[in-house]
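Asks: I am attaching a structure below and will ask some questions about it afterwards.
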Amino acid sequence: MTNLGFSEEQRDCLQEIINVAMGLASDKLARFLNTFVHLRVPSIALVGASLIPAEFESRYRDTEAALVSQGFFGNEGVRGEAIVLYQMENAHKISALLGYDVGDVSEIEMLTDISSILTTTFLNGLAQQLENSLSYSAPRVLSSTNGDLSGMLKNTSFHWEHALKVDISYQLVDHSFNCDMILLIPGEAVSNIKTILDRILEAY
């Protein structure tokens, strides 16, 4: 976080806001699936957006992966992309977790259900703390079973020069299932968020 141009107060404020939003999302997922969700401290960094597809490709090398991507747009220039990534070997476990019978819905539909819980709950919590209001684009589902994951990622929002990347990992303790949620905020929107953080800090 030290290379993002945030003051120490802004940095601490942003970290706390993300922690609260992450906790809300994990709590809703845990209640929905009746299990405990383990969280790691989220990684937050300013990165070159063009390098992100290669990073994901490295992380999911030699395994089939699915990705659900959803853009969000708010007031005061707040915008970005929320991405949830899964290993496809975990996908068959989702049916039992959601209470579906075999053949009721496709694996992609089940992945989208889980993504909706995590993405909307996290972003709504984030927006509430930023005193903002967000709207969302329709989710897009990509799968490495249909082609190169890195190549498909380049067709999302990675034309940005730089992005603030928040990397969150969710793991279901009672099940061998985990997923990663990546929040990407383009560089120009980071400056707008810093202004909002200053306003929140002034209020306290």
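The values are calculated or read from the model by the stated rules, or taken from the named source; none is laboratory data. This is a predicted model, so every value here is computed, not measured. Positions of Cβ are backbone-derived with ideal geometry, glycine not excepted, and every protein chain shown enters the neighbour counts. Each accessible area value is taken on the protein alone, full model and side chains, heavy atoms only, with ligands, DNA and RNA left out. Shrake-Rupley method; radii C 1.70, N 1.55, O 1.52, S 1.80 Å.
Asks: Say we look at region 145-179 and pick out the residues that are touching a Ser or Thr at 6+ places or on another chain (Cβ under 7 Å), at pLDDT 75 or above and open to solvent by 20 Å² or more (accessible area, probe 1.4 Å); which of these is farthest from PRO53 (Cα to Cα)?
Replies: Checked region 145-179; the qualifying residue farthest from PRO53 (Cα to Cα) is ASN178.
Asks: Looking at (1) more than 14 Å from the chain's Cα centre (by Cα); (2) surrounded by fewer than 20 Cβ atoms within 10 Å (Cβ to Cβ); (3) modelled with pLDDT of 80 or more, find the lone condition where SER95 falls short.
Replies: Looking at each condition in turn, SER95 falls short on (3).
Asks: Here are some conditions: (1) out of contact with any Ser or Thr (no Cβ under 7 Å at 6 or more places or on another chain); (2) under 24 Å from GLU202 (Cβ atoms); (3) touching a residue at least 12 places away in the same chain (Cβ under 8 Å). LEU67 meets all but one. Which one does it not meet?
Replies: Failing condition for LEU67: (2).
Asks: Any chance you could count how many residues in region 4-14 are loosely packed, with under 15 Cβ neighbours inside 10 Å and either assigned to a helix (DSSP H, G or I) or in contact with a strand residue (DSSP E or B) (Cβ under 6 Å, 6 or more places away or on another chain) (or both)?
Replies: So the count comes out to 3.
Asks: Across region 62-78, what is the number of residues that are assigned to a helix (DSSP H, G or I) and in contact with a Lys or Arg (Cβ under 8 Å, 6 or more places away or on another chain)?
Replies: 0
Asks: Consider MET1 against the criteria (1) at pLDDT below 75; (2) open to solvent by less than 30 Å² (accessible area, probe 1.4 Å); (3) of a type in the set (A, V, I, L, M): it satisfies all of them except one. Which criterion is unmet?
Replies: (2)
Asks: Name the residue that is farthest from ILE182 (Cα to Cα), counting only residues in region 31-45 that are open to solvent by 20 Å² or more (accessible area, probe 1.4 Å) and more than 15 Å from the chain's Cα centre (by Cα).
Replies: Per the stated criteria, the residue is ASN34.
Asks: So ILE18 passes all but one of these: (1) in contact (Cβ under 8 Å) with a residue 60 or more places away in the chain; (2) assigned to a helix (DSSP H, G or I); (3) open to solvent by 60 Å² or more (accessible area, probe 1.4 Å). Which condition number does it fail?
Replies: (3)
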